[in-house]
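These notes are about the structure you will find just below.
The values are calculated or read from the model by the stated rules, or taken from the named source; none is laboratory data. In this text the structure is predicted, and so the values were computed from the model without any measurement. Here the Cβ positions follow ideal geometry from the backbone for every residue, glycine too, while neighbour counts run over all protein chains shown.
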Amino acid sequence: MEFVGKEEDRIKWAMHFAQVKANIVQPQRSHKVTVSGKSKAGKPYSYEYKYADLADVDAAVMNAIKKVVDDKGIIQFSYMFEVESTQEGVTVQTLLIDASGFYAITNKIWFKNANAWDAQATASLISYAKRYSLSAAFGVASEDDNDAGDQKTFTQPKVLTKKQLEEYSVTYQGFSANLMDLYQEALDGVEDAKKWIKSPHTPQDAQAIHQINEMHKREKARKADIKATQEKEKAEQEAQSKQAALEKIQQAKKDPFADKKVTSANDPEVDKLF
């Protein structure tokens, strides 16, 4: 979340925001939808669930906002959306605005638009993204609606094989790019690549980035283990070399004729000389 405004107004914003959240009454999930289809294994399924739509969430938030007023009855808090719609997807952010002028911008909510050519489907996706963003901003509990059900059919990411990851392509600066190459550029410090990796992605792109990141982590750990093993073996070899050198020095200090000494116990005449 990004904050904008004078720092001295931030306390007022936080106080009014907390008051709005405290006054929110969770909306009734008055809408019902049936979801049916077939699983990946081909097994048919069907279930129903209830949800609160954008109008329900907006009403719950606005009712709470109307209770946060000054001594003159002037509302002290509000919100608005920033929406960006392209052929690739829909991005929504919620601006949480205080009467002091201080405001906060929520993180971007991004959904791929699989039906960009369909105005009604796009409007439905924008509505869903708004509800998702608004609910997250104010902590409103709402179930997925029919739009959400539609999104699940094409946003459910799958785990990719190593070969699929090596061949995975994404749209980068208007062109198709190999994701592994792009990730390596980010690791090498290319700022545009780093910003792209950290930006919002489709669930499948995010899954691919996550898997590549895990691969790099494992490779880094593997190299660290190899280095640690090599350093340990080197230390052991050095210790063995030092021990061998020490033993050689100690051996050199010994009497070289120690094993050649003779006694004169059997020759009294020789003993008399000493």
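Key figures for this structure:
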| read-out | value |
| --- | --- |
| Residues of the stretch 150-175 satisfying the condition of being at pLDDT below 85 and outside any loop (DSSP other than H, G, I, E, B) | ASP150, GLN151, LYS152, THR153, PHE154, THR155, THR171, TYR172, PHE175 |
| TYR128 vs. criteria of a type in the set (Phe, Trp, Tyr) and either in a helix (DSSP H, G or I) or in the same structural domain as THR202 (by TED's automatic domain parsing) (or both) | yes |
| All positions within the stretch 95-104 that are part of a strand (DSSP E or B) and over 30 Å from GLN173 (Cα atoms) | LEU96, ILE97, ASP98, TYR103 |
| Per-region count, the stretch 202-256, residues surrounded by 10 or more Cβ atoms within 10 Å (Cβ to Cβ) and outside any helix (DSSP H, G or I) | 1 |
| Residue among GLY89, GLY73 that alone is over 18 Å from PRO27 (Cα atoms), crowded, with 17+ Cβ neighbours inside 10 Å and small (Gly, Ala, Ser) | GLY89 |
| Odd one out for GLN240, checked against (1) farther than 28 Å from GLN93 by Cβ; (2) modelled with pLDDT under 85 | (2) |
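Here's the yes/no breakdown for (1) at pLDDT 85 or above; (2) among the hydroxyl-bearing types (Ser, Thr, Tyr):
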| site | (1), (2) |
| --- | --- |
| SER78 | yes, yes |
| THR91 | yes, yes |
| TRP117 | no, no |
| SER135 | yes, yes |
| VAL140 | yes, no |
| ALA148 | no, no |
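Each row is one residue, and each column tells you yes or no for (1) more than 29 Å from ARG10 (Cβ to Cβ); (2) outside the structural domain of PRO200 (by TED's automatic domain parsing); (3) in a loop (DSSP other than H, G, I, E, B); (4) of a type in the set (A, V, I, L, M).
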{"residue": "SER46", "(1), (2), (3), (4)": "yes, yes, no, no"}
{"residue": "ASP56", "(1), (2), (3), (4)": "yes, yes, no, no"}
{"residue": "GLY73", "(1), (2), (3), (4)": "no, yes, yes, no"}
{"residue": "MET80", "(1), (2), (3), (4)": "no, yes, no, yes"}
{"residue": "GLU84", "(1), (2), (3), (4)": "no, yes, no, no"}
{"residue": "GLN93", "(1), (2), (3), (4)": "no, yes, no, no"}
{"residue": "PHE111", "(1), (2), (3), (4)": "yes, yes, no, no"}
